[in-house]
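Engineer: Pasting a structure here, questions to come.
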Amino acid sequence: MNLFRPIQHARSAQEAAHQIEALILEGVLRGGDRLPAERELAIEMEVSRPILREAIKGLEAAGLLESRHGEGTFVADVIGTVFSPPVAQLLSSHARATRDYLEYRREVEGVTARLAAERATADDRALLGEAMDRMESANASGDAASEARADIEFHALIGEMAHNLVLLHTLRSCYRLLEDGVFRNRDRLYSLPDGRTRLLEQHRAIFEAIMAGDARAAEAAARSHIDYIIEATQDLERRTDRERIAGLRLAMREEKGTKMPMRKRKSQT
């Protein structure tokens with residue numbers, strides 16, 4: 001399958017660059033994807049190689065492409081630029097950020113799931129089905145790390161299925177924070193007694209609603225999923241706080257026990 005189309009009118013570097021930009025913006029080309037070799041790409045786009053080189057040079061200057069010596073030209077890692085590294089660091093160090101992050105996701109993912117149910121194509125549904133299969137396989141095998149990756153992929157695919165460019169890239173930025181471990185409570189959800197089972201059931205409910213084209217059910221299932229995460233995260237925070245306080249009390253008692261001599265009993269007269 002050829003991703004690139006012939007340049008029909010003005011065979012210019014600007015037109016060639018615009019086509020590559022559109023594929024990146026639409027999420028067809030992702031960070032790390034390798035472009036076809038120069039000769040092959042020039043043939044697909046029906047432009048001269050000098051024009052193509054000019055287009056690629058301009059996209060490199062814009063930070064969208066990067067050339068690796070001896071390897072080729074790749075799409076730059078532009079995902080997650082909504083949150084710069086300093087902002088991501090701030091988010092990771094403040095508890096309120098987790099609550100605000102989940103509140104944002106609840107609203108945005110509800111709308112995204114509704115649009116996905118309304119707009120998904122047959123190819124979209126096929127990709128989502130494969131992601132759901134991977135999540136279920138990881139759950140069955142007890143591979144929490146693979147299940148967490150499949151979880152992120154599942155939500156990212158729904159973002160693509162909504163066919164809204166702004167939603168696509170803002171959600172990718174949100175999920176990048178998860179991949180980078182900014183919100184670590186996500187991993188602790190899998191440690192809850194029924195955490196992995198409940199999360200899988202929730203993902204399946206979202207999946208089935210989207211596959212059925214039921215926009216209202218998809219939105220409700222997505223919101224319910226985040227509601228559970230919010231509640232479970234709050235429970236984990238309370239549990240962590242109780243454990244911290246209990247540990248401090250124990251440490252204080254042990255310290256006093258080593259520093260203070262035992263009181264002598266009064267002799268009986």
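The numbers here are math on the coordinates, done by the rules we state, and not lab data. Quick caveat, the model's predicted, so the values are computed rather than measured. Counting neighbours? That spans all protein chains shown, and the Cβs are built from the backbone with ideal geometry, glycine included.
Engineer: Return the FRET efficiency for the residue pair Leu90, Thr121: r is the Cβ-Cβ distance, R0 is 45 Å, and the value is rounded to the nearest 0.05.
Structural biologist: Details: r = 39 Å, r/R0 = 0.86.
That pair, Leu90 with Thr121, gives E of 0.70.
Engineer: If you don't mind, there's one more thing I want to ask. Which of the following values of Kirkwood radius over Cα pairs in Å was calculated from the structure shown: [x] 21.4; [y] 18.7; [z] 21.9?
Structural biologist: After the calculation, the listed value that fits is [z].
Engineer: Another question, then. If you count, for each residue, the other Cβ atoms within 10 Å and average over each peptide, how do 132-142, 154-164 line up from highest to lowest?
Structural biologist: Per-residue Cβ counts within 10 Å, averaged per peptide and sorted highest first, yield 154-164, 132-142.
Engineer: At 222 nm, what helix-only mean residue ellipticity would the chain give, in deg cm²/dmol to the nearest 500, using -39500 (n - 2.57) for each DSSP H run of four or more?
Structural biologist: Values: 11 runs with 187 residues, N = 269.
The helix-only estimate for the chain comes to -23500 deg cm²/dmol at 222 nm.
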